[in-house]
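The values are calculated or read from the model by the stated rules, or taken from the named source; none is laboratory data. Since this is a predicted model, take the numbers as computed values, not measurements. Ideal geometry is used to build each Cβ from the backbone, glycine not excepted, and the neighbour counts take in all protein chains shown. We work out accessible area using only protein heavy atoms, side chains counted, and drop any ligands, DNA or RNA first. Shrake-Rupley method; radii C 1.70, N 1.55, O 1.52, S 1.80 Å.
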Amino acid sequence: MRLAEIDGKALLRRHGLAVPRGALVGADPDAPVGARDWPGYVLKAQVLEGGRGKRGLVCRLAGLAELAPARARIAAALGDPQAPLLLEEAVAIVREIYIALRIDGTRQGLEVLVAAEGGEDVETTTSLLRIPIAAAAMVTADALYPDLARLFARDLAARLARYAARLPEIARAEDLELLEINPLALTADGRLIACDAKIVRDDSAAFRHDPEEFPLSRALAERALTPLERTARELGFHLVEIDGDVALVTSGAGLGMMMMDLLADHGLAAACFMDNLRGAPDETMAERLRIARAIAQRPKVRAIVFQTVLASRSLADRIEALLAWVKAEPLPKPLFVGIAAGHAATRTMSAEAAVERLAAAGIAAFTDPIALVRAVAEAVGAKAG
Ligand code: GDP
Ligand code: MN
């Protein structure tokens, strides 16, 4: 779950990190109580995508008289006159720093990322310093200092080391996949203030947290779902629609990723990604196929790929169910089936027999996923990338 900036900052504040004073302003732009005393103002759209500064969704205001027109401008750019915006005190920034904590997927551990110059172009202009965090040990400022001292003067490096050392415990307590502060503002009096926050919580840990928490972030995520993605969730699995040319039916993130990579290797792009909502794959094959049929209606989609992996469930049953589905209604695009079945699944039908059974019904089927993807590429005339 990605948190809107205001929710991310609330999370940082409750762990004792400094953030600018601020409040949401609605369609009736009354300045929040106390705002008259702030030294200056920044008005910011609350959307889940980054890069707002470059899209005109962050406005500096000289005074509160500019609030109403600036609000109208941002709301128009968002196409939503009701959009709640964050009004903050402007921080007098002496230096913008980039700091983040994320999971290093390769090492399966946390790492701190730092750049000496934060701001809007950090991804393209600066090289990030990566500091791995040991899994078991308490992270201390002393351990982080030597790396930071390569980028910053001693005093600032020490301050940043203390700041960075607090991030892993916050990430662990809050089950975060990403905690990114850009810019982390250094002020003239030496304070570090998080002027922006991009925070992503691991959805698998949602049960450990208050389901009512962060309603704005929830509403924004809800609005970003396509109708099919919403339907899929109601049917019990997770769907991401993509602008691709193959309606891909899989279960489990690993299998989905592997098939997407194989398709990409052969010049094809998946039109969707499917994952299980709960830990174990639910029996949602019928629902996944129903969604794939809908996605395959798109003119751009050229093929449907159904890759199934069975450990103990009966392959024979699955093939019969698949054939019944195909017969029920003409398919909008040609179907390619991949079969991987373990010993227990093949008691009454081997994978080879399943391929033959499908072939007899005019459906291309494969036991090797690479052969499957190759056949799809050939059929639709894709060029390997
Ligand atoms: P993003 O573009 O979506 O990452 O939005 P940010 O919240 O990072 O804002 C974009 C830029 O506006 C930042 O990189 C800062 O340069 C600037 N900015 C944001 N808040 C403040 C502030 O309080 N004071 C000053 N001086 N600049 C700010
Ligand atoms: Mn930012």
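Below, the figures for the structure above:
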item: Qualifying residue in the stretch 229-252 (condition: away from ligand 2 (no atom under 16 Å from the Cβ), free of Cβ contacts under 8 Å to residues at least 12 places away in the same chain, in a loop (DSSP other than H, G, I, E, B) and not aliphatic (A, V, I, L, M)); result: no
item: Top-ranked residue in the stretch 188-207 [being among the basic types (Lys, Arg) and under 15 Å from the mean Cα position of the chain (by Cα); ranked as surrounded by the fewest Cβ atoms within 10 Å (Cβ to Cβ)]; result: 198
item: Subset of the stretch 255-283 [within 16 Å of residue 305 (Cα to Cα) and either in a loop (DSSP other than H, G, I, E, B) or not aliphatic (A, V, I, L, M) (or both)]; result: 256, 261, 265, 266, 267, 268, 269, 271, 272, 273, 275
item: Those residues of the stretch 20-41 which are open to solvent by less than 30 Å² (accessible area, probe 1.4 Å), near ligand 1 (Cβ under 10 Å from one of its atoms) and in contact (Cβ under 8 Å) with a residue 60 or more places away in the chain, in sequence order; result: 20
item: When residues of the stretch 308-348 are limited to those that are acidic (Asp, Glu) and part of a helix (DSSP H, G or I), the one nearest to residue 363 (Cα to Cα); result: 320
item: Flag for residue 87 being touching a Phe, Trp or Tyr at 6+ places or on another chain (Cβ under 8 Å), within 13 Å of ligand 1 (Cβ to nearest atom), outside any loop (DSSP other than H, G, I, E, B) and of a type in the set (A, V, I, L, M); result: yes
item: Residue within the stretch 34-51 that is part of a helix (DSSP H, G or I) and within 15 Å of ligand 2 (Cβ to nearest atom) present; result: no
item: Pairs with Cβ under 9 Å, 6+ apart, first in the stretch 322-351 and surrounded by fewer than 17 Cβ atoms within 10 Å (Cβ to Cβ), second acidic (Asp, Glu); result: 348/317
item: Filter pass, residue 174 being charged (D, E, K, R), out of contact with any helix residue (DSSP H, G or I) (no Cβ under 9 Å at 6 or more places or on another chain) and either more than 16 Å from ligand 1 (Cβ to nearest atom) or over 24 Å from residue 11 (Cα atoms) (or both); result: no
